[in-house]
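The values are calculated or read from the model by the stated rules, or taken from the named source; none is laboratory data. Keep in mind it's a predicted model, so treat the numbers as computed, not measured. Ideal geometry is used to build each Cβ from the backbone, glycine not excepted, and the neighbour counts take in all protein chains shown. Note: accessible area is taken over every heavy atom of the protein model, side chains too, but ligands, DNA and RNA are not part of it. Shrake-Rupley method; radii C 1.70, N 1.55, O 1.52, S 1.80 Å.
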Amino acid sequence: TELTGTVTSTSEFEFTIDSGSEQMTIDTAALDYNPLDDKGYQQIDEGDLVTVTGEMEADLIENMELMADSVIILDDSQESSGS
């Protein structure tokens with residue numbers, strides 16, 4: 001499955017994207033790195049436009065979430081804010 005949307009919220013290993021027609025929780029625990037921490041090259045923040053590929057799973061409270069295999073930042077909200 002591939003989804004594209006804007007990041008609306010983040011937590012330790014999950015973030016939510018809004019694709020315009022729906023919101024989806026993305027779980028990053030299966031990745032070799034954590035794009036939600038402040039280490040490494042890729043850092044996902046609220047407002048970023050991302051494309052995520054992975055497998056759909058039902059979580060413990062019956063909500064669907066995407067287990068991410070890869071995350072690509074298409075538009076980094078932090079780059080557009082100058083110093």
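Numbers at a glance
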quantity: Residue identified as among the β-branched types (Val, Ile, Thr), open to solvent by 50 Å² or more (accessible area, probe 1.4 Å) and closer than 14 Å to Leu74 by Cβ among Thr10, Thr4; calculated: Thr4
quantity: Any hit, the stretch 49-63, residues being open to solvent by 30 Å² or more (accessible area, probe 1.4 Å), at pLDDT 95 or above and not β-branched (Val, Ile, Thr); calculated: yes
quantity: Members of the stretch 16-44 found to be farther than 16 Å from Ala68 by Cα and charged (D, E, K, R), listed by number; calculated: Glu22, Asp38, Lys39
